[in-house]
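Okay, structure first, notes after.
The values are calculated or read from the model by the stated rules, or taken from the named source; none is laboratory data. Keep in mind that what you see is a predicted model, and the values were worked out from it rather than measured. With ideal geometry, Cβ positions are generated from the backbone for all residues, glycine too; neighbour counts draw on all protein chains shown.
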Amino acid sequence: MIVQTEWYLLLAAILFTIGAAGVLVRRNALVILMCVEIMMNAVNLTFVAFSREWQSMTGQVFVFMIMTVAAVEVAVGLAILVELYRHVKSVNIDDFDSLKG
Amino acid sequence: MTDLIWLTIALPLLGVLINGLLGRQLGRTLNGIIGAGTVVLAFLVSLLVAGQVSGLPDPNSTTVKLWDWITIGSFDVTLSLLVDPLSMMMALIVTGVGALIHIYAIGYMDHDKDVSRFFTYLNLFIASMLILVLSDNYLGLYMGWELVGLCSYLLIGFWFTRPAAADAGKKAFIVNRVGDFGFALGVFLIWTTFGTLNYHEVFELAPEVAAGTISAITILLFVGAIGKSAQIPLHVWLPDAMEGPTPVSALIHAATMVTAGIYMVVRSNELYALAPQVSMTVAIIGGLTAFFAATIALVQYDLKRVLAYSTISQLGYMVLAVGVGAYTSAMFHLMTHAFFKALLFLAAGSVMHAMHDVIDIRRFGGLKDKMRITYITFLIGGLALAGFPLITAGFYSKDEILANVVDDSLLLEVLALLTAFLTAFYIFRAIFMTFHGEPRDRELYDHAHENKPVMTVPLIILAVLSLVGGFIGLPASLQLPNLLEGWLEPVAHAGHNITLAVEVGLIIVSSVLALGGIGLAYWVYMRRADLAENEGRIYGPFYKVLVNKYYVDEFYDMIFVNPGKRLGKFLANIIDVGLIDTLLVDGLARLTGAFGRIFAGFQTGYLRNYVLSILIGCIIVGIYFFVR
């Protein structure tokens, strides 16, 4: 009994929404980065689901790309966050408002 | 030889350049020599060229083309000079009388610190006037017309630090502008009707054009003459123009610029001959102006104002003459008037110069012994103006005009004759009050003395011309040779044929009037001192009106000047400051600022808001592709 593609897509959509909502709502910069990760995983799931449906390797190869980029992004993002914390002494994104005006 | 005519314009312009740019460094002697010298040379050139005119092919004219001025499509105007009897006559008068006045001015302005500027403007005027009279088309005429108006403004307001002088300069220019507006419309109409502005071409085509159009053209051109030649109702600038230095009054407002209107009408005589109703209107305006100006001159106590109103009155005579078709008579009077009016003004200036710039005749008296040459020359000028029979130039020219008017309109003739009587009276009133009797201001009298030869010699020359100048226009009806008529015949025809009886009758009548006027002035101002002191009694209820010049200036103030000022204030404060500056310019700035502040609201600095907008953008794009 194969799980139909629609359920994978639904799960991915839900995951994406949760991630997006988290990015918008949470105040902690670290948590926002984690939510971004959730969004990226949702996209991965979508790619893999379609790859199985259409019997094409393209989707799975692309997932590799995404994972690589995600890893790099986390590294850089965390580095920036640490530097920001040193200056602003807080991880609350509402405190990073020097672009205001 | 006629090719050299351009020198007459170039020489004064050279004077303008030298005196204008280097004047201050050169010093007043050189300013005077250059200023007067260029005009003397221009006169000699004019004399040479004029000598050639009789030998020129019919109609004794030739054109000296300088260069193509405007060539736009079919609009083709060249800068060319026309050498013919009429233009050369004007050129001789302008340069001849002009040269004498320039020489006189060397002496008159000897205490003034702005001598270089004076001679610059004066030379510019001569050049402009020559452009006006020598041009061969209406556009050149108009250019010269405007230029002399400019020079008039510059010279009237020469002592611009004096408010009265500055105002007078403005008034002259603005009133002239009103006339020039009509003149410009006339020139435009000529262009649209004839397709050309050249005199010869226009006059050739004129008979084929509709009479209504010709009438429109001539009346519009005459409006310009009303302004420039100070006819009613645009005469108001001329008396105020006396604020300028006296040589200016002599040159511009007696001998030359004001005669430009007369010249223009005489030049266009072929057009005016085709528009009889316009010509009659012209004659009426001339006659009325002559009379009314003479009445005002009766009671003025500023000697220059008397002469100014006299000029307006004599110009009225000239306008009357062209109105009845006596074009050569008008030119004759123009010439003799140039002689004796310039003489009168220069002599008045001589008196002023000796009396510390006082010009009120109520403070003069008994000067004939102190200033013999000035007295004698002024007397000769006055006799010429009054038309003293047989020996003065004014007699012959005025007589010719009177003879030509009598056929056309008895009313105008009566006005003209009355004016002649008043003319004799007012000028001799001025003479008796200035030179005869007891000095009214002892201190001024004691310091008075005759002026230097550089001032008195021009007076003498002009006096001689005022006596013999009339002999070139002896009445043809008396079988005497009228040289001027013959000279001008190719360009402007003489007036009516006058019978012997009418001619003799008029000679007698005008002589009686002239002598009568002189006699009455003698009786009032020499024999009846009580009347002389209290002039108002002679004129009764009219005195106040006359002294106030019929309240024309006050009327214009009420109708034009004050509403104009109010309009100006309104436009300046409400429209310019309120509407344009505050509402539009500042408003635009404030609007931009407001918009800026609205959009600045987007720059919150909060990452969350930025992420939200990215998300919304993605959703929109997604929906777009989904719907497609």
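I'd like to know if segment B:198-214 contains one or more residues that are more than 26 Å from the chain's Cα centre (by Cα), under 18 Å from residue B:134 (Cβ atoms) and free of Cβ contacts under 8 Å to residues at least 40 places away in the same chain. Yes - at least one qualifying residue is present in segment B:198-214.
The condition of being in contact with a Pro (Cβ under 8 Å, 6 or more places away or on another chain), modelled with pLDDT of 85 or more and away from every other protein chain (no Cβ under 14 Å) holds for only one of B:552, B:627, that being B:552.
Only one of the numbered conditions (1) out of contact with any helix residue (DSSP H, G or I) (no Cβ under 8 Å at 6 or more places or on another chain); (2) farther than 19 Å from residue B:132 by Cα is not met by residue B:3, and that is (2).
You will find that of B:63, B:120, the residue that is in a strand (DSSP E or B) and not charged (D, E, K, R) is B:63 and no other.
Scan segment B:367-392 for residues that are under 16 Å from residue B:521 (Cα atoms) and either assigned to a loop (DSSP other than H, G, I, E, B) or not assigned by TED's automatic domain parsing to the domain that holds residue B:425 (or both) and the total you get is 2. As a summary of the residue check, residue A:74 satisfies the conditions (1) away from chain B (no Cβ under 14 Å); (2) touching a residue at least 40 places away in the same chain (Cβ under 8 Å); (3) crowded, with 17+ Cβ neighbours inside 10 Å except for the one numbered (3). Taking every residue in segment B:453-477 that is under 19 Å from residue B:328 (Cα atoms) and pairing it with any residue that is of a type in the set (Gly, Ala, Ser), at least 6 positions away or on another chain, the pairs with Cβ-Cβ distances below 6 Å are B:466/B:381; B:466/B:384; B:466/B:393; B:469/B:393; B:470/B:393.
Selection of segment A:83-101 for residues being at the interface with chain B (Cβ under 7 Å from one of its Cβ atoms) and surrounded by fewer than 11 Cβ atoms within 10 Å (Cβ to Cβ) yields A:98, A:100, A:101. Beta carbons closer than 7 Å, at least 6 apart along the sequence or on distinct chains, pair a first residue in segment B:146-174 that is under 20 Å from residue B:184 (Cβ atoms) and without any contact (Cβ under 8 Å) to a residue 24 or more places away in the chain with a second that is assigned to a helix (DSSP H, G or I) and small (Gly, Ala, Ser) for B:147/B:128; B:153/B:169; B:153/B:172.
May I ask you to verify whether residue A:50 is surrounded by 14 or more Cβ atoms within 10 Å (Cβ to Cβ), part of a helix (DSSP H, G or I), free of Cβ contacts under 8 Å to residues at least 40 places away in the same chain and away from chain B (no Cβ under 14 Å)? In short, no. Name the single residue, out of those in segment B:486-510 being farther than 12 Å from residue B:402 by Cα and of a type in the set (S, T, N, Q), that is modelled with the lowest pLDDT. Step by step, filter segment B:486-510, then rank; the result is B:497. Filtered by the rule that a residue be outside any helix (DSSP H, G or I) and crowded, with 24+ Cβ neighbours inside 10 Å, segment B:251-301 gives B:256, B:268. Condition check: among the hydroxyl-bearing types (Ser, Thr, Tyr), within 30 Å of residue A:24 (Cα to Cα) and out of contact with any strand residue (DSSP E or B) (no Cβ under 7 Å at 6 or more places or on another chain). Does residue B:604 satisfy that? Here the answer is yes, as residue B:604 does meet what is asked. For segment A:24-31, the count of residues that are at pLDDT below 95 and at positive phi is zero.
In this structure, is residue A:42 within 15 Å of residue A:12 (Cα to Cα) and assigned to a helix (DSSP H, G or I)? For residue A:42, the condition - within 15 Å of residue A:12 (Cα to Cα) and assigned to a helix (DSSP H, G or I) - is met. Touching a strand residue (DSSP E or B) at 6+ places or on another chain (Cβ under 6 Å) and either among the hydrophobic types (A, V, I, L, M, F, W, C) or in contact (Cβ under 8 Å) with a residue 60 or more places away in the chain (or both) - does that describe any residue in segment B:345-362? Yes: one or more hits. Among the residues making up segment B:595-619, those that are at the interface with chain A (Cβ under 9 Å from one of its Cβ atoms) and not in a helix (DSSP H, G or I) are B:603, B:604, B:605, B:606. Per this entry, residue A:21 is not counted among residues that are within 18 Å of residue A:93 (Cβ to Cβ), within 14 Å of another protein chain (Cβ to nearest Cβ) and more than 12 Å from the chain's Cα centre (by Cα).
With B:399, B:369 as the choices, which residue is acidic (Asp, Glu) and either closer than 16 Å to residue B:303 by Cα or surrounded by fewer than 19 Cβ atoms within 10 Å (Cβ to Cβ) (or both)? Unique residue meeting the criteria: B:369. Quick check on residue B:551: is it under 30 Å from residue B:296 (Cβ atoms) and either touching a Cys at 6+ places or on another chain (Cβ under 7 Å) or without any contact (Cβ under 8 Å) to a residue 12 or more places away in the chain (or both)? Yes: the conditions hold for residue B:551.
Across segment A:36-56, a minimum of one residue is classified as more than 18 Å from residue B:611 (Cα to Cα), in contact with a Ser or Thr (Cβ under 8 Å, 6 or more places away or on another chain) and of a type in the set (D, E, K, R).
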